[in-house]
Amino acid sequence: MRLYHLLPIALLAVAACHDDGVSVNARPPLGGVRFINAVPDGGPVDIRMVDQVEWSASSVSGNASCCGLPFRQGTLHWPTEAKARHIRVFPTDSSIAVTSQVLHDTTITIEANKNITLMLVGSMAAGGKVHFVQIDDNPGAVPNDKVAVRVVNASQAGAAPAPADAYILTDTTSTALPATPAFAGVGALSAAPYVQRDPGAFAIRATAAGNPATSWGTIAPAGAAASGLIGTAAGFLGTGSAISAYIFPRSVAGSKAPQSAAFTSPAVVFFEDLIPAPPK
């Protein structure tokens, strides 16, 4: 291909860019919306804001699964136009007859300059219903020499571990549980307050409240401190960042939720809540 063949087109494009008739839409007020699937007896779901295309959160997460948002997984905080938003939840399937079913239809008002999680809970079994529980992801000001962490109990009432105790330890198995949990009696579908700690490796181990004989734990993500022009990555080394440890129940046996060994008991999964602005 000869370059001069492209010059007239390029010049027209440049001219069009300077046309006084070109306009740019202003960015609307935005909030951050994350979706998490905490339904223990259902398969992956597709979640969409159906009132408009632009500035709309969805369940697209980049997870390793083929399609949909599976149990125990979540998205990033999508920049979302702040106003009343119409949201629908659909089952993920290769059949249009299945994917056209609406599992949940609701309107939620998104606030500007505020990050939230919309956690899908309930049951997809016959006769069951799902709905969203809103979790505010606001750790406040995290100093540049601290890391903030909290626990969110994604277990529903009547399913272990709800309520739950959670401990901050150096590992998931060998360290004995202290007498007093860092997060005590975290109720079903609720969040404990954030606590701030010095940077350094730690794990969260959770138990059914008052019953420390059996615990489930996970090492927090490492993250990284800001370096030069590279911003902070959320985790136990990411000073100024905040993370949440979600305590999920086991999947319901025989349901469409995953049935591998990792899902036969409760588990702790970390999500990023706050990444400080990169250095200027």
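No value in this document is a laboratory result; all are computed from the given coordinates. These numbers come from a predicted model, not from an experiment. So basically every Cβ, Gly included, is an ideal-geometry build from the backbone, and we count neighbours across all protein chains shown.
Name the most mobile residue of Ala188, Ala162, Ala253, meaning the one with the largest mean-square fluctuation, in a Gaussian network model of the chain with Cα contacts below 10 Å. Its mean-square fluctuation being the largest, the pick is Ala253. Between Val130 and Ser123, the built amide H atoms are under 5 Å apart, and every one of these is 5 or more places off in sequence or on another chain. For Leu30 and Gln101, what is the calculated FRET efficiency with R₀ set at 30 Å and r taken between the beta-carbons, to the nearest 0.05? FRET efficiency, Leu30 to Gln101: 0.45. Shown here is the pair-distance distribution of the stretch 139-280: with all Cα-Cα distances grouped in 5 Å bins from zero up to the longest one, the shares run 2, 11, 19, 21, 18, 13, 8, 5, 2, 1, 0 percent. Our helix-only sum for the chain, with -39,500 (n - 2.57) per DSSP H run of n ≥ 4 divided by its residues, gives a mean residue ellipticity at 222 nm of -1500 deg cm²/dmol. Taking a straight Cα-Cα cut-off under 20 Å and skipping sequence neighbours fewer than 8 places away in the same chain, the aspartates and glutamates within cross-link reach of Lys146 are Asp137, Asp171, Asp198, Glu272, Asp273.
Counting only DSSP beta bridges whose two residues both lie in the chain, roughly 80 percent are antiparallel.
The Cα center of the stretch 75-140 and the Cα center of the stretch 231-280 differ in position by 18 Å.
Between Ala213 and Asp171, the contour length at 0.36 nm per residue exceeds the alpha carbon distance by 13.5 nm. Which net charge results for the neighbourhood of Pro212, defined as the other residues with beta-carbon distances under 10 angstrom from its beta-carbon, given Lys and Arg at +1 and Asp and Glu at -1? Around Pro212, the charge tally is 0. Which residues among the stretch 194-229 fall inside the zone where the amide N is under 12 Å from a point 7 Å beyond the Cα of Ala184, along Cα→Cβ? Counting only backbone N, you get 210.
Summing Lys, Arg as +1 and Asp, Glu as -1, what charge do residues with Cβ under 10 Å from the Cβ of Pro28 carry, Pro28 excluded? With Lys, Arg at +1 and Asp, Glu at -1, the neighbours total 0. The GNM of the chain, with springs linking C-alpha atoms under 10 angstrom apart, assigns the highest mean-square fluctuation among Ala176, Ala233, Ala191 to Ala176. Inter-label distance, Arg197 to Lys114: 2.9 nm, where each label sits 7 Å from its Cα along the C-beta direction.
Taking the centroid of alpha carbons for each part, the stretch 24-57 and the stretch 191-216 are 29 Å apart.
Is the shape of the stretch 32-170 best called rounded, prolate or oblate, per the rule: a/c under 1.5 gives rounded, else a/b larger than b/c gives prolate, else oblate, with a ≥ b ≥ c the square roots of the Cα gyration tensor eigenvalues? In terms of gyration-tensor shape, oblate.
Highest mobility in the GNM of the chain, judged by mean-square fluctuation with C-alpha springs under 10 Å and restricted to Ala112, Ala245, Ala234, is found for Ala112. Relative to the longest principal axis of the Cα atoms of the chain, the long axis of helix 7-17 makes an angle of roughly 70 degrees.
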